[in-house]
Amino acid sequence: MVYSGAIFAIPAEEALATDEAETEVPVAEQVEESPAEEAVIDKAALRLAEKLKANEKCLRCHKRDKTKLLEDGKEMSLQVHKDEYLSSAHGEVSCVSCHSAIGKRKHPSKSTNITITSEREYTVDMNESCRKCHRQKYTQYKGSVHSALVAQGSTKAPLCSSCHNPHAPVSMVDYQAETGLPCKNCHENIFNAYSASVHGQARINGNTIRDSHIQSPICSDCHHSHEVTALAIGDVLRTTCIACHENVTLLHDQWLPNTGTHLDIVSCAVCHAPFAKRIFDIHLYDNTAGVPLAMQEGDLPIQQQLQAIAAEGGTGDPLEIWKARGGFSQDGAPADISLRSRMEVMSGVAAHQIAGKSFAVRTCESCHEPGWRKKQNVTVSVTQADGRKQSFEADREVLSTVKAVDSISDFYELGGNPNKLLDILLLLSLAVGIAVPIGHFTLGKMIKEYMARGEK
Amino acid sequence: MMSTNPSEQKQPDAWIKTKDSELYINPLPVRIWHWLNALGFVALILTGTHIRYANLFNLMSFETAIKTHNWVSFAVIANYFVWLGFYLFSDKITVYHPELNMRKFFDKAFKQMMYYGYGIFKGAKSPHKVLPYDKFNPMQSITYQIIMLLVVPIQFITGLMMWDVKRFEAPIAMMGGLQMVNTIHVLIYIFFVSFTLIHAYMGALGSTPATHFREMFTGYEEEH
């Protein structure tokens, strides 16, 4: 088995033609084979030869441009490009390993036709076959937002074969930022934003940033290739950025007061995508688990919860949801749920428009100015069961209310738009501070005048 | 405990300097603390207002306001310990001893209020005789006890928490979150806005408007 990888790496046709491949192993790596090991190698080679012989049978027909009429009236191609297939990593995998329903004597014919509703349905069914060999990747995929969407019945969410042609899989290194494939197939706008960003440009320019060779991230570096996650939830995005920009806290600490809090509350893109539209995003946070609260399977969509609250006479604002959600938890125990607020950029596209360091926002006044908060959009978001964030607009005043002191207890923005009750109290205090001296002075003058008149 | 009865007060000794008809009421550490504190409070109120209503007055940049507020805060905190150290390690602590007899306290406080509300205008003498070991009238006494031992420390603590939110994350959470800490800090700031104005005005209620100010610089007060 020591050499099985080396043998399988040889293009299938060469492996069939000759056993000389084994003699190409560098001298330094050659080891003495025991008779038992030689027998194992011989058996493996024999099994491979049998598989390829069987595949040859399939390819005799399927190398041609054949199609099948599906139930939905569309045609599905049955063609497998022989050369591409045999030279791919799957070249030594027998066809029936995946197409197990079509083994010997089970091949559909005109009399024993297999009905396929649609190509999508067939692909969803076939997706399971990848797990046989790629168990780890498949498990990662099952935990992804893509898989969750497929489970919800999405007809667009990608399956394994959407990114990896099963009959001509290519190596991971062939996924390049310049093309953006396969992600760009679905996320074109986001990829275009990425391409124009400091990250995309660096990659296009040979991964050179400030005369240094730095590996610039591509989609999968941040989002992962199989366990694809929605980075907009909580502070996942920040953790992702810091994974490469390790000294980010140190650099900000040199000029930014309360660096830790800023990095906690303000998403990186808010300052580093300077032209992106910003929002205050309030989300429900599970304090016990230490993660943003996720909707459970069977939960009413948050809009419906809002409508229900409004129907019961509630205001439908996020504080009401907090109250409604705060009363229970999955196991029936009182839930420790609070609202947290973060500054985010408006969209996924904006989150990818990262500019160079010199363009980043560095003036306090860009956020800390009177009435600034009033101009910002406020959204309320929840994590859906599939892991994606769902946001909807909320009243802009919601962060400035007295109730917010308790409900959004971890968020305070200096100079933004302080709550009005405190403003009134300040004016009152100022008025008292001015009126008491003036009043006392005037009273004294009046008494003195009165007494002076009395003396006369 | 020292008696608050003027007749039982310690007689001026070598430590308490006298100058003709004046008593040495405020020793140097108290005067230094008072005036540094006064400057600090004014600076903190101005920069605090600038921070809270950012750029409303366009006096300085937000960054300068934050930095000034932080530095002045630390100076005021350090200065507080000058005050605390002096009173803890000298027998002058008696000036802050509370009047525990409530009837006596309210009686004196009422007389003091009557004085400020009426007597002062017709040239009456203050019912409280200022002495080195009993310099505060009942109203000053209760006000300064609350301010120096409760309000000011709370302001320091909440300010310190907001100076480095991350470092003080746990105590902030214990107090109910950043918004709560900020609200407490702002409420005390609001109180100090009127307190500072009224305090300055009352400082001008001496025999001449400048009398008490001069006294707070020299340490000597007229016997009255």
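Is one or more of the residues making up segment A:373-387 among the charged types (D, E, K, R) and either more than 15 Å from A:Phe280 (Cβ to Cβ) or modelled with pLDDT of 70 or more (or both)? So that I can check it myself, show each step before the final result.
Initial filter on segment A:373-387 (among the charged types (D, E, K, R)): A:373-375, A:386.
Then drop every residue that is not either more than 15 Å from A:Phe280 (Cβ to Cβ) or modelled with pLDDT of 70 or more (or both), which leaves A:386.
Within segment A:373-387 (the criterion being among the charged types (D, E, K, R) and either more than 15 Å from A:Phe280 (Cβ to Cβ) or modelled with pLDDT of 70 or more (or both)), the answer is yes, since at least one residue qualifies.
Only one of A:Pro217, A:Pro257 is modelled with pLDDT of 80 or more and over 15 Å from the mean Cα position of the chain (by Cα). Can you tell me which?
Working: A:Pro217 fails: over 15 Å from the mean Cα position of the chain (by Cα).
Answer to the check: A:Pro257.
Of all residues in segment A:53-94, which are touching a Lys or Arg at 6+ places or on another chain (Cβ under 8 Å), surrounded by fewer than 15 Cβ atoms within 10 Å (Cβ to Cβ) and not in a loop (DSSP other than H, G, I, E, B)?
Answer for segment A:53-94, where residues must be touching a Lys or Arg at 6+ places or on another chain (Cβ under 8 Å), surrounded by fewer than 15 Cβ atoms within 10 Å (Cβ to Cβ) and not in a loop (DSSP other than H, G, I, E, B): A:Glu75, A:Ser77.
List the residue pairs whose Cβ atoms are under 9 Å apart, where the first residue sits in segment B:108-125 and is within 11 Å of chain A (Cβ to nearest Cβ), the second is not in a helix (DSSP H, G or I), and the two are 6 or more positions apart or on different chains.
So the pair list comes out as B:Tyr116/B:Ser126; B:Tyr116/B:Leu205; B:Tyr118/B:Ala124; B:Gly119/B:Lys125; B:Gly119/B:Ser126; B:Gly119/B:Pro127; B:Ile120/B:Ser126; B:Ile120/B:Leu205.
Does B:Ser126 satisfy being of a type in the set (Gly, Ala, Ser) and surrounded by 17 or more Cβ atoms within 10 Å (Cβ to Cβ)? Write out each step before concluding.
On the way: of a type in the set (Gly, Ala, Ser): yes; surrounded by 17 or more Cβ atoms within 10 Å (Cβ to Cβ): no.
Judged against the criteria, B:Ser126 is not a match.
Give the residues of segment B:177-209 that are more than 28 Å from B:Gly159 (Cα to Cα) and more than 19 Å from the chain's Cα centre (by Cα), sorted by residue number.
Of everything in segment B:177-209, those that are more than 28 Å from B:Gly159 (Cα to Cα) and more than 19 Å from the chain's Cα centre (by Cα) turn out to be B:Ser207, B:Thr208, B:Pro209.
Out of all the residues in segment B:54-99, which are touching a residue at least 40 places away in the same chain (Cβ under 8 Å), acidic (Asp, Glu) and in a helix (DSSP H, G or I)?
B:Asp91
A quick yes/no check of all residues on (1) over 24 Å from B:Glu222 (Cα atoms); (2) surrounded by fewer than 16 Cβ atoms within 10 Å (Cβ to Cβ); (3) within 16 Å of the chain's Cα centre (by Cα):
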residue: B:Tyr24; (1), (2), (3): no, no, no
residue: B:Thr47; (1), (2), (3): yes, no, no
residue: B:Leu56; (1), (2), (3): yes, yes, no
residue: B:Trp71; (1), (2), (3): yes, yes, no
residue: B:Tyr87; (1), (2), (3): no, no, yes
residue: B:Asp91; (1), (2), (3): no, yes, no
residue: B:Arg103; (1), (2), (3): yes, yes, no
residue: B:Ala109; (1), (2), (3): no, no, no
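From the set of residues in segment B:166-217 that are more than 9 Å from every other protein chain (Cβ to nearest Cβ) and touching a residue at least 24 places away in the same chain (Cβ under 8 Å), which is farthest from A:Leu339 (Cα to Cα)?
Within segment B:166-217, the match that is farthest from A:Leu339 (Cα to Cα) is B:Glu215.
Out of the residues in segment A:406-456 meeting the condition of being of a type in the set (S, T, N, Q) and under 21 Å from B:Thr183 (Cβ atoms), tell me which one is modelled with the lowest pLDDT.
Here is the first cut: in segment A:406-456, the ones of a type in the set (S, T, N, Q) are A:407, A:409, A:417, A:419, A:429, A:442.
Now narrow it down to the ones that are under 21 Å from B:Thr183 (Cβ atoms): A:407, A:409, A:417, A:419, A:429.
Working: A:Ser407: 62, A:Ser409: 65, A:Asn417: 53, A:Asn419: 70, A:Ser429: 96.
Going through the qualifying residues, I end up with A:Asn417.
Among A:Cys98, A:Cys130, which is the only one that is of a type outside the set (A, V, I, L, M), more than 21 Å from A:Lys74 (Cα to Cα), assigned by TED's automatic domain parsing to the domain that holds A:Lys68 and in contact with a His (Cβ under 9 Å, 6 or more places away or on another chain)? Give the derivation first.
Values: A:Cys130 fails: assigned by TED's automatic domain parsing to the domain that holds A:Lys68.
Exactly one of A:Cys98, A:Cys130 is of a type outside the set (A, V, I, L, M), more than 21 Å from A:Lys74 (Cα to Cα), assigned by TED's automatic domain parsing to the domain that holds A:Lys68 and in contact with a His (Cβ under 9 Å, 6 or more places away or on another chain), namely A:Cys98.
Being modelled with pLDDT under 80, of a type in the set (D, E, K, R), over 27 Å from A:Pro182 (Cα atoms) and surrounded by fewer than 16 Cβ atoms within 10 Å (Cβ to Cβ), is that true of even one residue in segment A:110-127? Step through it out loud before you land on a result.
Filtering segment A:110-127 for residues modelled with pLDDT under 80 gives A:110-114.
Filter once more, keeping what is of a type in the set (D, E, K, R): A:110.
After this cut, where a residue has to be over 27 Å from A:Pro182 (Cα atoms) as well, the list is A:110.
Still in the running and surrounded by fewer than 16 Cβ atoms within 10 Å (Cβ to Cβ): A:110.
Yes, that holds for at least one residue.
The values are calculated or read from the model by the stated rules, or taken from the named source; none is laboratory data. These figures come from a predicted structure and were not determined experimentally. Every residue, glycine among them, receives a Cβ derived from its backbone with ideal geometry; neighbour counts consider all protein chains shown.
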